[in-house]
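Accompanying notes for the structure given below.
The values are calculated or read from the model by the stated rules, or taken from the named source; none is laboratory data. Because the structure is a prediction, the values reported are computed rather than measured. Please note: Cβ atoms are built from the backbone with ideal geometry, for glycine as well, and neighbour counts cover all protein chains shown.
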Amino acid sequence: MIKSLLIALCAFSLALPVFGDERPNIILIMADDLGIDSVEDYGGRQYKTPVMSQLAKEGMRFTHAYAQPLCTNTRIQLMTGIYNHRNWIAFGILDPEAKTFGHYMQEAGYQTAIVGKWQLQSYDPPDYPGAAQRRDKGMHVDRAGFDDYCLWHTHHTEEKGSRYPDPKINLNGEYLPDTKGKYGPDIWADYICDYVSQKHEKPFFLYYPMALPHNPFSPTPDSPEWKDPQRRFDEENRFYGDMVEYTDKVLGRIVQAIDEAGIAENTLLIFYSDNGTNQKIETQTTWGLSQGGKGLPIDAGVHVPLYVRWKGTVGAGVVNDKLVDSTDFLPTILEAAGSPVPAKAGLDGISFYRQLVGQRGPERPWVFYHYDPRPGWDKHKFTLHRFIQDRRYKLYDNGILIDVANDPLEQHIRYAEDDTRQTAAVRRRFERVLQEKYEQWLEARPANNRKIH
C-alpha cells in the first residue's frame, strides 16, 4: 500500500506546473495578419520561413490553432482569456477595467514587458461618427500590467505615425528621439534581444505583438528599394513577401538571443498570429492559389500558425492536432508560471500547458467566435458572425453547417434538412453552445455599451 501511495504521489507531482526558481521565462510573440498560407510548414510555397520551421523541429507545431478574423478581436481575447461576447466595447479599445495577462503575471511574481503594437487606447479619428464617445476610452498601456513597454500607436490614431520606416515609438512614456532612417521591427528586435540578455532577478514575461507583416506593404531593410530613402514608404502588394520573410528573420534574432543567453531550457517561447492573411494577397500553396481571408469568418481568416519551443521540456518535432484559440494562452502561461487561474476568475480559455509537457490534460472541444468589430472607423462594412467549430465542422447561428475540413472556402452549405445522422448530432451539440453564448452576450451587452457612452 505504501509503495502504491508513493507511486501515486510521484505521478501527481509530475503533473504539477513548475514552481519557485525553476519557473520559466515566457515570451509570447504574435504576428499581425499572418495566415497559414504564408508559412512553409502549413503548405505555403511562396515565401521562405526557415526559423518557423526550426521551431517546428525543436518544439511543437499546432495544426488547428485559430484566431478571430481581425486584430483587436483576437488581442482582447488573448490578453484577457475571455471571449468577445462578454467584454467587447469597440474596435481598438480594451476595457480599462479588464484584467490582462500582464496583471496576472505580475501577481505571479514575474517581471513583465510589452514590445511592438498597442492600438488599444484610442482608435477612431476625431471626425468619425460616434468617435467622441469612444476616443481615449481604452486601456492606457501604463496600467495594463507591464513594468516596461516599447510601443507604437499608444495614443490617438491620427498621432500614431509610422510603424516601419522612421517609426514613432513610445519607450516607457517617452518617444524615441531619433528613429529617422531606422525600421520599427529592428528597434523592437534590438530591445527584445537586449532584454533577453540581461540578468533578471525574477523570471520574465515578454509579450511581443508584432507590426509585421500588416500593411502598408512596404520595403524592408532586406528589400533592394530600402537603399533609396525616397522609396521606403512605397506601397505595393509585392512587398508582402519581403515582410513575411522579415517576420521570420526577426523571430530568428529572438531565438538566437535566447540561445546565446543560455536560457533556452528555461524559456517558453510561443509564436502565434492574430488572424489570416490580408485579402489583397494571393499566395501559392500546396492546395493551389490561396487568397487571404483577413476579416472573413472562413478558414483563411481564422486558421493561423502556432509554434511552441521550450528546450528539454516540450518535445522536439511534435505535431499537435488539438484545438487552440486565443482565449487559451492566458491560462496556459499562468499554469507554466506555477500560478493556475482559479475557477472563480470565470475565464473562457482552456490551458494547453499539459499538452506541451507531454501529460494528459483538458482539451478544447470546440472554438467559439463572436465576431463583430463594430463600432469603429472603417468597420461599418462588417456584420456580426457568431459561429462554432471543431476540426471538422462549423455551425453558424443562422443554421448553416459547413464541413470545413473538406470545404475551407465554404462553398457547400448544409441546412438542417440536409443533415445526416452524424451532422444532426453535431448540429445539436453546437446549437446548445451557441444558445448559451447568446444568453451570455445579452447579459453582458448593456454594461459594455455603457462604457463608450
Next item on the list: Could you list all residues from segment 89-127 that are under 26 Å from P297 (Cα atoms) and either in contact with an Asp or Glu (Cβ under 7 Å, 6 or more places away or on another chain) or at pLDDT below 95 (or both)?
Entry: I89, K117, Q121, S122
Checklist line | The listed residue being of a type outside the set (D, E) and more than 27 Å from I76 (Cα to Cα), out of V426, V367 | finding: V426
Next item on the list: Examine segment 50-72 for a residue that is on the phi > 0 side of the Ramachandran plot, in a loop (DSSP other than H, G, I, E, B) and not aromatic (F, W, Y), and state whether such a residue exists.
Entry: no
Item checked: Test: I169 is crowded, with 21+ Cβ neighbours inside 10 Å, touching a residue at least 60 places away in the same chain (Cβ under 8 Å) and out of contact with any Ser or Thr (no Cβ under 6 Å at 6 or more places or on another chain) -> no
Check: How many of the residues making up segment 333-358 are touching a residue at least 60 places away in the same chain (Cβ under 8 Å) and of a type in the set (S, T, Y)?
Finding: 2
Notebook entry, point to check: With respect to P408, is the statement that it is modelled with pLDDT under 95 and closer than 17 Å to H303 by Cα true?
Noted result: yes
Margin query: Residues that are modelled with pLDDT of 95 or more and over 25 Å from the mean Cα position of the chain (by Cα): does segment 388-397 have at least one?
Written below: no
Note to self: Going by what's in this entry, would F430 be described as aromatic (F, W, Y), outside any strand (DSSP E or B) and over 29 Å from K137 (Cβ atoms)?
What the structure shows: yes
Checklist line | Only listed residue being outside the structural domain of P446 (by TED's automatic domain parsing) and in a loop (DSSP other than H, G, I, E, B), chosen from Q77, Q46 | finding: Q46
Item checked: Matching option when the condition is assigned by TED's automatic domain parsing to the domain that holds F101, out of contact with any strand residue (DSSP E or B) (no Cβ under 7 Å at 6 or more places or on another chain) and either farther than 26 Å from A67 by Cβ or of a type in the set (F, W, Y) (or both), among F146, F205, F217, F233 -> F217
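Would you check which residues across segment 144-188 are assigned to a helix (DSSP H, G or I) and of a type in the set (F, W, Y) and list them? Break it down into steps so the answer makes sense when it comes.
Our first condition is that a residue be assigned to a helix (DSSP H, G or I); within segment 144-188, this holds for 157-159, 184-188.
Passing the criteria: only W188.
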Notebook entry, point to check: Can you tell me which residues in segment 116-154 are in contact (Cβ under 8 Å) with a residue 40 or more places away in the chain, on the phi > 0 side of the Ramachandran plot and surrounded by fewer than 20 Cβ atoms within 10 Å (Cβ to Cβ)?
Noted result: G130
Notebook entry, point to check: What tally of residues in segment 63-86 results from selecting those that are farther than 25 Å from M139 by Cβ and either without any contact (Cβ under 8 Å) to a residue 24 or more places away in the chain or crowded, with 24+ Cβ neighbours inside 10 Å (or both)?
Noted result: 1
Next item on the list: Consider only pairs whose beta carbons are under 8 Å apart and that are at least six residues apart or on different chains; among these, list those whose first residue lies in segment 87-115 and is over 23 Å from W377 (Cα atoms) and whose second residue is surrounded by 24 or more Cβ atoms within 10 Å (Cβ to Cβ) and polar (S, T, N, Q).
Entry: K99/T80; T100/T80; F101/T80; G102/T112; M105/T112; Q106/T112
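Restricting to segment 400-428, name every residue that is touching a residue at least 60 places away in the same chain (Cβ under 8 Å) and of a type outside the set (V, I, T).
P408, L409, E410
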